[in-house]
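Enquirer: This structure is in structure tokens; I'll ask about it shortly.
The values are calculated or read from the model by the stated rules, or taken from the named source; none is laboratory data. Predicted model, so just to flag it, every value in this text is computed and none were measured. So basically every Cβ, Gly included, is an ideal-geometry build from the backbone, and we count neighbours across all protein chains shown.
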Amino acid sequence: VQLVESGGGLVQAGGSLRLSCAASVSAFTINVMGWYRQAPGKPREWVATLTSSGGSTNYADSVKGRFTISRDNDKNTMYLQMNMLKPEDTAVYYCNAIATKIGTRNSFNYWGQGTQVTVSS
């Protein structure tokens with residue numbers, strides 16, 4: 001499973017960005033996808049998750065009501081729509097997927113390379 005993020009950049013506070021995570025899968029089924037972020041000098045923190053069917057979403061309190069996670073299964077792509085951005089949202093955002101190898105019960109955790117989001121005040 002390969003995950004490639006895009007869509008990061010520099011935006012002013014109050015602005016919006018949409019991150020994308022394109023997943024390349026072969027012989028695996030993705031069960032859960034999510035977004036994490038890591039600010040300088042801080043540990044990586046969970047932002048949001050989405051089940052494979054897209055029927056269940058969860059958000060960290062810090063982004064609830066501002067961020068929306070979604071998924072296009074036909075394109076194997078996950079999105080994070082970020083509105084009303086704040087300077088404290090500045091971080092490297094990582095895409096995450098938990099996938100099971102088809103025909104087994106073995107699950108693995110995968111990460112993208114990250115995309116920088118910078119929010120200026």
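Enquirer: Using the structure shown, decide if TYR93 is in contact (Cβ under 8 Å) with a residue 60 or more places away in the chain and in contact with a Ser or Thr (Cβ under 7 Å, 6 or more places away or on another chain).
Expert: yes
Enquirer: For the range 80-121, give me each residue that is modelled with pLDDT under 95 and closer than 25 Å to GLN12 by Cβ.
Expert: Result: SER121, single match.
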